[in-house]
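Input: a single structure, listed below in structure tokens.
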Amino acid sequence: MNERRGRILVVDDDRAVRESLVRALDLEGYDVVSTNDGAKALDLLRTDSPDRVEPDVIVLDVMMPVVDGLTVCRVLRSEKNRVPVLMLTARTETSDRVAGLDAGADDYLSKPFALEELLARVRALLRRSRPDADESPAETLTLDTLRIDPAARRVWRGSVEIELSKTEFDLLELLVRNSGIVLDHSTIYERIWGYDFGPDSKNLAVYIGYIRRKIDLDSEKRLIQTVRGIGYSARPS
């Protein structure tokens, strides 16, 4: 029997969506576990649960009865569970997407979505959660008063440590590693998400805005610059 590519937990109260995702992910070679509400998902993820599962990625719907997806994500992060979360939402407003990031999600996808796009995002989350064991120890990165420890995945601005989600950290690290260089939208999408979502996607802009709110402390210089029509660059303003 061929080795499976990873374990995915699918949490969605819509039976049709849930079952179609389970079938698609299974055909792609993943070991898939599914449930229809957030309370059951938390039970499956508890360390003391007899039915505990240890997924490599969670695909989590926002709008569910009993316990919604945002609450599930907040509970996981409060318990220091860092498994990557791809959040599914029927809402498209920026404020709703930011709410998902606030809760600790690593990525989000609006319904209805193309199956190919969901699979691409799952692959990207898996790649980022499995660092190459052959890589040499990562050096500390600095930009002005910002300091990044890639090995420990920790970030400081001056003496203040900043909590970032997996996607936020990866995006900030990419920009700082290429400080002074303008990275275009397509390059960033390919490097971070493994898929170019095109010029109409607001995904990148939302993440940039969220990182800025975290790292641009009071009276500090802005460290991520927008280059209109092209992309972003890490350099002090």
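Here is a list of conditions, (1) touching a residue at least 40 places away in the same chain (Cβ under 8 Å); (2) of a type in the set (Ser, Thr, Tyr); (3) exposed (fewer than 14 other Cβ atoms within 10 Å of the Cβ), and residue 165 meets all of them except one; can you say which number that is?
Unmet condition: (3).
So that you can scan it fast, the table gives a plain yes or no per residue for (1) over 26 Å from residue 116 (Cβ atoms); (2) among the hydrophobic types (A, V, I, L, M, F, W, C):
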site	(1), (2)
201	no, no
211	yes, yes
223	yes, yes
233	yes, no
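Which condition breaks for residue 205 when tested against (1) free of Cβ contacts under 8 Å to residues at least 24 places away in the same chain; (2) buried (at least 16 other Cβ atoms within 10 Å of the Cβ)?
Residue 205 satisfies all of (1) free of Cβ contacts under 8 Å to residues at least 24 places away in the same chain; (2) buried (at least 16 other Cβ atoms within 10 Å of the Cβ) except (2).
Can you tell me which residues in the range 44-61 are over 14 Å from the mean Cα position of the chain (by Cα), assigned to a loop (DSSP other than H, G, I, E, B) and touching a residue at least 24 places away in the same chain (Cβ under 8 Å)?
Listed by number, the residues that qualify are 53, 54, 55.
Are there any pairs, at least 6 apart or on different chains, whose C-beta atoms fall under 7 Å, with the first in the range 66-89 and at pLDDT below 90 and the second in a loop (DSSP other than H, G, I, E, B), and if so, which?
Filtered contacts from the range 66-89: 66/37; 77/104; 89/62; 89/111.
How many residues are β-branched (Val, Ile, Thr) and closer than 15 Å to residue 211 by Cβ when one looks only at the range 172-194?
Summing the residues that are β-branched (Val, Ile, Thr) and closer than 15 Å to residue 211 by Cβ in the range 172-194 gives 3.
Which numbered condition trips up residue 39, out of (1) part of a helix (DSSP H, G or I); (2) at pLDDT 95 or above?
Answer for residue 39: the failing condition is (2).
Is the range 74-95 home to any residue that is surrounded by 22 or more Cβ atoms within 10 Å (Cβ to Cβ), assigned to a helix (DSSP H, G or I), small (Gly, Ala, Ser) and out of contact with any Cys (no Cβ under 8 Å at 6 or more places or on another chain)?
Checking the range 74-95: not a single residue is surrounded by 22 or more Cβ atoms within 10 Å (Cβ to Cβ), assigned to a helix (DSSP H, G or I), small (Gly, Ala, Ser) and out of contact with any Cys (no Cβ under 8 Å at 6 or more places or on another chain).
If we scan the range 167-178, do we find a residue that is of a type in the set (Lys, Arg) and in contact with a helix residue (DSSP H, G or I) (Cβ under 9 Å, 6 or more places away or on another chain)?
Filtering the range 167-178 for residues of a type in the set (Lys, Arg) gives 177.
Narrowing the set further to residues that are in contact with a helix residue (DSSP H, G or I) (Cβ under 9 Å, 6 or more places away or on another chain) leaves none.
Taking every residue of the range 167-178 in turn, none turns out to be of a type in the set (Lys, Arg) and in contact with a helix residue (DSSP H, G or I) (Cβ under 9 Å, 6 or more places away or on another chain).
The values are calculated or read from the model by the stated rules, or taken from the named source; none is laboratory data. Bear in mind that the values here come from a model prediction, so they are computed numbers and not experimental data. No Cβ is skipped: glycine too gets one built from the backbone with ideal geometry, and neighbour counts run over all protein chains shown.
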